[in-house]
Every structure is written in C-alpha cells, then in structure tokens.
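The values are calculated or read from the model by the stated rules, or taken from the named source; none is laboratory data. Please read these numbers as outputs of a predicted model, since none were measured by experiment. Neighbour counts run over all protein chains shown; Cβ positions are idealised from the backbone, glycine included. Only protein heavy atoms, including side chains, enter the accessible area calculation; ligands, DNA and RNA are left aside. Shrake-Rupley method; radii C 1.70, N 1.55, O 1.52, S 1.80 Å.
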Amino acid sequence: MRVLFASFCIAFSMYSKIPMPRVDWTEENRKYAICFFPLVGLVTGGLCYAWYLLCGHLKAGDFLFAAGMAAIPLFLTGGIHVDGFMDTMDALHSYLPREEKLRILKDSHIGAFSVICLLGYYLTYLGFLSQMGSFTGSYRRQAVLCFCLGFLLSRVLSGLSIVYMPGAKKEGLLYAFSSTAHKRYVRLVLFGLLGAGILGMLFVSPLAGGLTVVGNLMVYGWYGHCSKKEFGGITGDLAGWFLLCAEWVSAVVPVVVGLFLG
C-alpha cells in the first residue's frame, strides 16, 4: 500500500502541478507510477467539464469557453508536454541524421520551427474548441464529454507506449519510469482503463466517441512508426508530442462530426 501511494504521488508530481506529499523517487516507489498517469488526464478532463458547466451557467462567450478549455491542461501540467512537442518539432524539421535529432531533443533552446508549429497548433486548437462551444442542444454536451475523456484516453495510450515501445536511449525520465515499472501489473491496469475509456466514449456518443477513439489510435500508430523511424524509439519529449497530437484529435473529431450532422 505504501508503494502504491508513493507511485501515485510520483505520477502526479511528475505530470501535474497538483501539490503532493514528498516521497523518495526510488526504483521501488516508481514501479506503479505509470498506472496513475492516466488519472492526471481524468482530473484534467474533470476540470475542463467543470469549466464547461461554469461557462454555461454564466452564459460566457465561445472564445472564453475555448480559452479556458485550452488553458486548463496547459497550467495543470505545467506545460511539460508542450515542451516535448516543441523539442520534437525542432528535431523533426531539422532533417538531420538520427543522432543529431536526439541531440536537438535534449537542447534546452527553442528554434523557429517549434514556435511556428506551436502557434499553428494552438490557433487550430482554439478554433475547434470555439466551434465546439457554439453547438446547441444535447450534442454540445456530448462533444465536450468526448473531448474531456480524450485526456484519459491519450494518457492510457502514452502509458502503453512506455511499456511496449522501445526507448531511443537508456537514460532520461522516460527510461527511468519504463525500466523500473512492474510491466505485467501496469499493462493490466492500463488495458482496464483503456476499456473503460473506450466504453465511456461510446456511451457518450457512438458516432463521435467511436471516431474519437479511432483518431487517437491512429495517432498512436503514427507516433510509434515515426518515433522508431526518425529516432530509433520513444523518448519523454516524443511522448509529450504524442499527447498534444492526441488531445488535438479529441477536440477536432467531435467538432467535425457535429458540423456534418448539422
């Protein structure tokens, strides 16, 4: 029980800004940390849904709704995944050999491509979230719920990548988590959460939820293929890049479905 609590604290301390009791980051205490990583997504989605309810109560405008939905995951996580996204964009757009790409991932400086790609990301992200806020009737709630559940789904898939995909290097935080994880237990928990997330999506909306799941799985496959081809495996930065791409898909797909439904 003590180890489980320590793993919970480590997961939330690493992947969120939620205050946690101080625990030692020993190998034993990190064994189950990946199991609790998706719960950070559950909290993020819960806060986004609370913002949606508050905006409805206050009759807030679509842009304020969208800005809050985009800001909550950014501030809750401290931007750790955004940092990975930016580093990955610089590395991919360098078109250099694999070793140089890996070096760029570790570089603390940001390049022009990371800024350009992040700007494009948030412009489109805010646009689709704003459109989501303009929906009326029951579909608005369904679209928001699909988006919120996406934070859980993306982190479950990210956790599965840590225990199934090869690492690009034998150092760094991602290697520290993957090398010490109790993989059999972690896989069992993550597949259980994956099933719960998929069922939740389908319950909310068989069409929008189902397509959001498919979109996330496609991004997951692309992430694995691209990571292996360009970097020789996954890293913490690449995992952050994947999460942002998956969250973008979870915003886009319900909106596109809603537009087609009219």
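Computed values, structure above
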| quantity | calculated |
| --- | --- |
| Theoretical gain in end-to-end length, residue 18 to residue 217 [0.36 nm per residue, Cα-Cα removed] | 68.8 nm |
| Residue 253 accessible area, 1.4 Å probe, all protein chains in place, Å² to nearest 10 | 30 |
| nm² value of the averaged projected area, convex hull over the Cα atoms of the stretch 190-262 | 5.3 |
| Accessible surface, 1.4 Å probe, highest first, among residues 129, 261, 96 | 261, 96, 129 |
| Cα centroid separation, the stretch 89-158 to the stretch 1-43 (Å) | 24 |
| Neighbour-limited loop hits for trypsin sites (Lys or Arg not before Pro), the stretch 13-90 (at most 11 other Cβ within 10 Å; DSSP other than H, G, I, E, B) | 22, 59 |
| Solvent-accessible surface ranking, highest first, for 165, 69 at 1.4 angstrom | 165, 69 |
| Carbon/sulfur fraction of accessible area - the chain, other protein chains in place, 1.4 Å, % | 68 |
| Partner lysines for residue 169 [C-alpha distance under 24 Å; skip if fewer than 8 residues away on the same chain] | 31, 101, 106, 183, 228, 229 |
| Kirkwood-Stokes translational diffusion coefficient of the stretch 78-196, alpha-carbon pairs, 25 °C, 0.890 mPa s, µm²/s | 144 |
| Mean separation of Cα contacts under 8 Å, 6 or more apart, over the residue count of the chain: relative contact order % | 26 |
| Most mobile of 75, 147, 128 in a GNM of the chain (Cα contacts under 10 Å) | 75 |
| The stretch 11-170, accessible area per residue, ligands and nucleic acids excluded (1.4 Å, Å²) | 47 |
| Two-site label geometry, residue 50 and residue 185: point separation in nm, points 7 Å out along Cα→Cβ | 3.0 |
| Longest to shortest principal axis, alpha-carbon extents of the chain, angstrom | 50, 47, 30 |
| Gyration tensor verdict on the stretch 1-50 (Cα atoms; rounded if a/c is under 1.5, prolate if a/b is larger than b/c, oblate otherwise) | prolate |
| Probe 1.4 Å - accessible area at residue 199, Å² to nearest ten | 120 |
